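One structure is given here, and the rest of the page talks about it.
Laboratory data are not the source of any read-out in this text; all were calculated from the coordinates shown. Quantities reported herein were computed from a predicted structural model and do not represent experimental measurements. For neighbour counting, all protein chains shown are included, and Cβ atoms are generated from backbone atoms with ideal geometry for every residue, glycine included.
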Amino acid sequence: MNKVIILLLSVMFAVTAATAQTDVTKLFPESIDPGNYLADTVLLPQSPLSMQILFIGGHDSVETRRGKALAKQWHDFIGFTPAQAGETGMGWVSVNHERIVADDKIGDGGGMTTFKVERDPATGLLNIMNQTLADGRSGKFFNVNFDNVGETGMNCAGITSLYDGRIWTAEEWFRTSVSSIYAGGNGVRDTADWVISGSGFPGFDGDTIKKVDNFNYMVEIDPRTSEAIRKQYNWGRGGWEGGVVMGDNKTVYLGEDARPGLFTRFIADTPGDFTKGTYSYYAYDEVLEQGYWQDYEINNIEDAANLSTRNSYTDGAVTLQGKPFTGDTAAAMFIRNEWVAAHNGRVYWTETGNDGFWNEFTDYRLHKSSPVSIADYNGNNYNGKIGNWLIEAARMRFPALNAVSNDSVREWLTADQNFRDSHGRILCYDPTTSQVSLFLEGGPYPGDANGTSAALGAGYPDKHFSNPDGLNFLTTPQGKTYMIICEDLNGRSYNRVPAGAQSNSTCELWALDMDVPFPGVEDLIRIGQVPLGAEVTGAQQTPDGKTLLVNSQHPRTTNPFPFNNSLTYAIHGWDKLAEVAERRVAKLQLIDRNDVTARPYVNYGDTICLADFNQGPRTSRDWVLKVVMEPQIIQGSLDIQVSGPVSGSRTENYFNYLMEMPLDASGNVVTGTYTVTITPYSGRNLSGTQGVARTFVFTLSNCGSSNVMRQGVNPAIETSVEEVFQVYPNPTADALNFNVKSSVAIYNEMGQRVAVYRDVNNINVNDFRSKLAGKNVFFVKPEGREAVKVVLTK
Amino acid sequence: MKPTVTHWLIISLLLAFGLTFTAFTHKPSKTYESITDNIRLSYNQGLESFYQEVKDLQAEADKLAEGKGDVENIQKQFLQSRDAFKKIEYLATYYDDEFVTLFINGAPLPKVTQDDNRSISQPVGLQILEENIFSDEPDAKEIQILSKELSASVRDFLFSQKVPALYDRFVFEAARFELIRIFSLGLTGFDTPVTLRGIEESHIAMQALKDAISLYDELISSRNENLAKRIRKNFDGALNYLEENQDFDSFDRLHFLTTYLNPLYRDLLKAHKALGIETIDETAHAREKFSINYDAENIFSKDLINKFYYTEQLEEQYDDEVVELGKLLFFDPILSDKLERSCASCHQPDRAFTDGQKKSLARGFDGTVDRNSPTLLNAVYSSRYFYDLRAERLEKQIHHVLFNDKEFNMNFFQVFNRLSKSPEYAERFRNVFPQFGTNPINRYSVATALSSYIISLGSWESEFDQYVREEKDEIADEVKRGFNLFMGKAGCGTCHFAPTFNGLVPPLYQENESEILGVPDSKDPAKMQLDSDPGRYKGLLQEQFEIYMHSFKTVTIRNIEKTAPYMHNGVYDKLEEVMDFYNKGGGEGMGLEVPYQTLPPDPLGLNDQEISDLIAFMKSLTNTDLHRHTKPEKLPSFPEGSEFNKRVVGGIY
């Protein structure tokens, strides 16, 4: 009898389960039992990075020569001038204000604000110091006085000299008429002709020019006196955005934000004296496939006797606008150069891209296959060059272009309606070779016409990089250098933001470990400390490497005050990342030691084909598991455990964590399914605090038959390994990472559903923290599994 | 044998088993997972079809350019392309409205590009193609260029659209936004200005919604049978109505709205919730604001649109206290240099917050300011402020008035100084803005308080709103006719979008349009010239483009009965005069030269009855609660003997 009951019961339950099976949904229950969760609780400590507000546009007041005034807004560039020996404090901060606004006290046009900071020895925060300037102004914030150089405007990016922190501001947005700066009286009101004086340039002082011709230069300012020094007439008039003065105190690189834009260079005759030197633009030889510098004279001395030539600043000797893109020595074309920075002697800059098609490039280039009648400029045909870096970028995005010649790619790029540069990239210039190369391409480009990611409904990638703008470097006290990249999305279309109403459209702030070879989007580290929806523009480190100064330009979405204003704030704690080395997140690659090709990161469940690795004589000892930690900190150790057809383990202390794949008795690597578990520790040799282990499962295969995918999760291959869902905290942002891309629901302490995130690799606690009613506990429930309890700790 | 417990147990088990078994055999034919897969596949097929049609259109265009084509064929192919687009519109615009508007189905007008390096981009897409293909003298070369561009754009769109996942939540949200789109854009002929196929296209769009939602029918039924029935009935009814009433002019849009659209809008929300599908609130950043309040059940709901989307202020910070403080400041002439004027001088509550002047009086009686005073009722519903759109947030608007030497001629420091001298103001500010501690009177708090008062002036309480919301049973026939004209033959609804009746573009109402109408400087036909006010051209510096010359913000028709005189320069005193202006085709229609006029210059052909009906409808948009806007009885006092105590509530003039 009992057996019958049991049988009936089990059948009933089986059937119920089967019924429940058809009811299994992608929808999450609206509540769960808060007492029923997996035994393991995840602790999510606060990130060691913290924010401090320094300067609020439109709210803090600045001292001007005409009294106190509310500071301007639209913060953009930040420069930092370190205090020299004998000077107090840490140094001076200079902030650009991008918009053109009339202001009786500050001055019309754009502007800059300066202030001095010191590190508080007790709190580690930055204090803004009181100053009394040479002209008697006294207080905390000062506007930079541009009266003596004829006002300024559109102050976007700029230059901090790597040598001594001298500052230049870039007057970016190119103006062509006086009325266009007057703005009906809301802009620059004094539109009388300007007489240049005190600039220190031979041949420029004494010139009378139209007011509008006195804009669109790099302007040097002195943060100590909060005054403009001179406009760099000799660097040309153009839509300058970023630049860098190298550590030799002589060489300057400039980027022009235009379509097409220039990359130019100025080398001073005497270090530190930028009034005399040689100017050139970056040109490109499409036959030899190499770049070179073409000298270009910025002068108006050419016809000293003929005043009309001397005074033609608009389209004469001083303004570049389009002229270098002509003739046989035509310049290389760039599509909107933004910020420029330098590290280890190399120059990096962001090319932010452009929505729509590249028809403007066609205008600046002779169409070789089907000649088009193109308007001449000063009697020369446009002949703008396309460099190899762009051809490489195009091939990355459209693999079919690998089969054709470089020139065919050039044809293809400039033909109508082929290429939409929706994402942009970061480029690198190496002065030792004079060559420009592609450093980091934007993307991924889901669903391009050549189907780089054709999986239907594949969803938004974990890391997405588009329209980079601000660029700088941060070196921590431990000597680790990160490239800091600010996005400035040109648009939300084309999968640049996640799908669905109310999706995250934040411009991201990224850090990239400069030790990563062949960096890709996957290597970017998200810095979470930004106000929602803000465009983070300037990024500038303090000399001690502990703080990153950041500008949040007028956010479009709204936040509580003051995050709804343009503001300058500091992210402290870069030195503290090393103290929480156990919180690093592991990523895994399988590499061939002899092959320098970049390898993708292993995703849970991947199949990796041995056949994809280079052929040639080598031993099995060449198969190496490489663990990349995020963030990379030269601290701590890893416990690596490998189990599979052959098992092994290793304690690894040294950065560039490598472990050879375990081999069989004959010394061969064995195909099959492997599980790799990596546990980080804060100290060496597995001492100190133990972090959260991360597990990877992958299948190593010969991939002999044609239906086996290259690296990727292959649904056709059955694995006997049960998927394990793991949650582990992300140290730089208040976020939880997942082992596998998952859909999860968040429940508060009472078990009520408060949030749902689908197909994500991580979730940021700040997205739903306010829904937790002040409690530090919540549950994460992945689809079809039990909930995991998470406790927020200090 | 007496039944034992065991027997009962077995019986109940068998019963349970039986029931379960029945449930098992009658298993729902589709799980959730396969519904979205289904819809995703269908969307993908729709995209492919659309691309194919567009490629065929390009082929026809090539033939035409080579002299081998046929205008009739290309017109037919064009209409097929539009139909193919309408099938996928609800998801295409949901996923990537930006791309659709820029490259596929945007207005046939030049635009300024949004990047730093601004320039004019010429219109592309289906609508400019319509203009060309159906013109009296089609330019084959132009059509060829445009169709090639469209084809490339759709190609790129197609591939980029392969990527986004589809979740149940998207289906319901997209469907509801599409209902708003059908109502405010489809049926008004907004995107088919030449062929006027708004009714046919709405049918296609509606059918696509029905096809998608009906896949959920069983599941909805299992939760709420009546709900499922109503949804089916209303979809069928709507489709039927669209089939049987194809004439653009006579289509009864009000009936369609109240009988089919609003019930569907409500019921799809109920279905969304009944199924336990997550809502927008659960997927968003805690702080990020969305313009549409998804929980609103009616398109004319008071809270359809989130007022705080347009403001810096957060809803959590908005309360009676901050509104009260803002109201005091609004009526307080202390903000003006000579203590004689306040915001209420030009925005008087008993004139629907206007002043009845063509252009407001300038400070010191020295002439007038540049433009007519617009109403502040519902002014919060806008992405930009002033006729020339130069202020980007409500909180930024006050800055301009303060500084302007024809208005208040003050600066912030002076304002802070004055206000802080009043103990009452100081205390109020401290209470309302405790986060500032000892210095609560600053730019942020002053602007926030004033804006709060403006936010409180937002209300949709006209008899028309009440009728649509079924709070009122009847409304006059002329109002109904007027509404249908407004949204149909007269074309008003293609710029004054329902339900805000201003320039916020549906269905998300996130951006405010401006238009070039060719408003004259005088009513007298003999004397009139194009009014010289440059409008948006001289607003923000970044917008100094010729396509914005004489372009002005599209303000709201709500409460228009009370806000005479009309237009940016107050040129018209009566609504009849305004109607005459539009009936003639605006400035260009009246023979003035108006470069880039966006208002179609063709006469509307409205007769006197129609004009009278339109005016009746516009009058029905007057709020019934205007009496609640009162002046404060007194203003905060200053220490004894202060000259500030002599100031008058609302100012002297």
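Looking only at other chains, what is the average number of their beta-carbon atoms within 10 angstrom of each beta-carbon in B:535-542? All intermediate terms of the calculation are to be shown ahead of the outcome.
Working: counts 0, 0, 3, 7, 3, 6, 15, 5.
Counting other chains' Cβ atoms within 10 Å and averaging over B:535-542 gives 5.
With the dipole of segment B:309-459 worked out from charges on the C-beta (+1 for Lys and Arg, -1 for Asp and Glu) around the Cα centre, which of B:L314, B:N372, B:P349 lies farthest toward the positive end?
The listed residue farthest towards the positive side: B:N372.
In nm, to one decimal, how far is the modelled label at B:S222 from the one at A:K771, with both set 7 Å along Cα→Cβ?
That separation, rounded to one decimal, is 2.5 nm.
Would you mind calculating the gained length between A:Q690 and A:E579 on full extension (0.36 nm times residue separation, minus the Cα-Cα distance), in nm to one decimal?
Details: separation 111, 0.36 × 111 = 39.96 nm, distance 1.25 nm.
Full extension of this stretch gives 38.7 nm more.
Points 7 angstrom from Cα along the Cβ direction at A:T123 and A:S408: gap in nanometres?
Rounded to a tenth, the inter-label distance reads 6.4 nm.
Please list the non-local residues whose amide H lies under 5 Å from the amide H of A:Y657, H modeled 1.01 Å from N, same-chain partners needing a gap of 5 or more.
Here A:V627 satisfy the definition.
Specify the inter-centroid distance of segment B:228-289 and segment B:145-199, based on alpha-carbon positions, in whole Å.
For segment B:228-289 versus segment B:145-199, the Cα centre distance is 17 Å.
Once you order the gyration tensor axes a ≥ b ≥ c over the Cα atoms, which shape class does the protein assembly as shown get: rounded for a/c under 1.5, otherwise prolate or oblate by comparing a/b with b/c?
On the way: a/c = 1.37, a/b = 1.06, b/c = 1.28.
Cα axes put the protein assembly as shown in the rounded bin.
Students often check this: by mean Cβ neighbours within 10 Å, which of A:402-411, A:248-257, A:760-769 ranks highest, and how do the rest follow? Provide the component values of the computation, followed by the final result.
Details: A:402-411: 14.1, A:248-257: 23.2, A:760-769: 19.3.
Ranking, from highest mean packing down: A:248-257, A:760-769, A:402-411.
Is chain B rounded, prolate or oblate when judged by the Cα gyration tensor, a ≥ b ≥ c being the square roots of its eigenvalues, rounded requiring a/c under 1.5 and prolate requiring a/b larger than b/c?
Details: a/c = 2.02, a/b = 1.27, b/c = 1.59.
It is oblate, given that a/c is not under 1.5 and a/b is not larger than b/c.
Averaged across the residues of B:437-446, what count of C-beta atoms belonging to other chains lies within 10 Å of each residue's C-beta? Show your work: numbers first, answer last.
Numbers: counts 0, 0, 0, 0, 0, 7, 7, 7, 1, 0.
The shielding value for this peptide is 2.
Rounded if a/c is under 1.5, else prolate if a/b beats b/c, else oblate: with a ≥ b ≥ c from the C-alpha gyration tensor eigenvalues square-rooted, which is segment A:50-573? Don't skip to the end; give the middle numbers.
Values: a/c = 1.65, a/b = 1.13, b/c = 1.46.
The shape class here is oblate.
In nm, what is the difference between 0.36 nm times the number of residues separating B:K338 and B:D319 and their Cα-Cα distance? Intermediate values should be presented prior to the final figure.
Values: separation 19, 0.36 × 19 = 6.84 nm, distance 3.11 nm.
3.7 nm is the gain from fully extending B:K338 to B:D319.
Which one of B:I145, A:N186, A:P517 is farthest out on the positive end of the charge dipole of the protein assembly as shown, using unit charges on Cβ (Lys, Arg +1; Asp, Glu -1) and the Cα centre as origin?
Sorting the options by dipole projection puts first A:P517.
Quick one: dipole size for the protein assembly as shown, taken about the Cα centre, charges +1 on Lys/Arg Cβ and -1 on Asp/Glu Cβ, in debye to the nearest 20.
Numbers: 140 positive and 193 negative charges, 741 e Å.
It comes to approximately 3560 debye.
Within a 10 angstrom radius of each residue's Cβ in B:168-177, how many Cβ atoms of other chains show up on average? Whole number is fine. Walk me through the numbers before you get to the answer.
Numbers: counts 3, 5, 4, 0, 0, 3, 2, 0, 1, 1.
Per residue, the average neighbour count from other chains is 2.
So how tilted is helix B:320-330 from the main axis of chain B? Cα-based, degrees 0 to 90, rounded to 10.
40
Rounded to the nearest 10 degrees, what's the angle between the helix B:198-213 long axis and the longest principal axis of chain B, both from Cα atoms, 0 to 90?
With rounding to tens, the tilt is 60 degrees.
Rounded to the nearest 0.05, what FRET efficiency do B:Q357 and B:N240 give with R0 = 45 Å and r taken as the Cβ-Cβ distance? Could you check?
Values: r = 51 Å, r/R0 = 1.14.
For B:Q357 and B:N240, the calculated efficiency is 0.30.
Quickly work out the A:R346-to-A:M750 label distance, labels modelled 7 Å from Cα along the C-beta direction, and quote it in nm with one decimal.
Output for this residue pair reads 5.5 nm.
Go through the cysteines of the protein assembly as shown and tell me which have no other cysteine Cβ under 4.7 Å away.
A:C156, A:C428, A:C486, A:C507, B:C343, B:C346, B:C492, B:C495
Fewest first, what order do A:T114, A:T132, B:T368 take by the number of other Cβ atoms within 10 Å? Show your work: numbers first, answer last.
Details: A:T114 25, A:T132 10, B:T368 16.
Taking fewest neighbouring Cβ atoms as first place, the list is A:T132, B:T368, A:T114.
Order of B:347-358, B:135-146 by packing, highest average Cβ count within 10 Å first? Spell out each step's value before the answer.
Working: B:347-358: 19.3, B:135-146: 15.7.
Most protected by this proxy first, the peptides run B:347-358, B:135-146.
Need the full-extension length gain, A:D273 to A:T675, defined as separation in residues times 0.36 nm minus the C-alpha distance. One decimal, nm.
Working: separation 402, 0.36 × 402 = 144.72 nm, distance 6.10 nm.
The span from A:D273 to A:T675 would gain 138.6 nm if fully extended.
To the nearest 0.05, what FRET efficiency results for B:Q529 and B:K472 with a Förster distance of 45 Å applied to their C-beta separation? Display every interim value, and only then the final one.
Values: r = 45 Å, r/R0 = 1.00.
Computed FRET efficiency for B:Q529 and B:K472 comes out at 0.50.
Need one number: % antiparallel among DSSP beta bridges in chain B, to the nearest 5. Mind showing how you got there, number by number?
Values: 15 of 16 bridges.
Of the beta bridges lying entirely in chain B, close to 95 percent run antiparallel.
Based on the mean of other Cβ atoms within 10 Å per residue, sort peptides B:44-53, B:523-532 so the most packed one is first.
Highest-to-lowest ranking by the protection proxy: B:44-53, B:523-532.
If I take R0 = 51 Å and measure r between the Cβ atoms of A:Y601 and B:Q45 in this structure, what FRET efficiency does the formula 1/(1 + (r/R0)^6) give, to the nearest 0.05?
0.90
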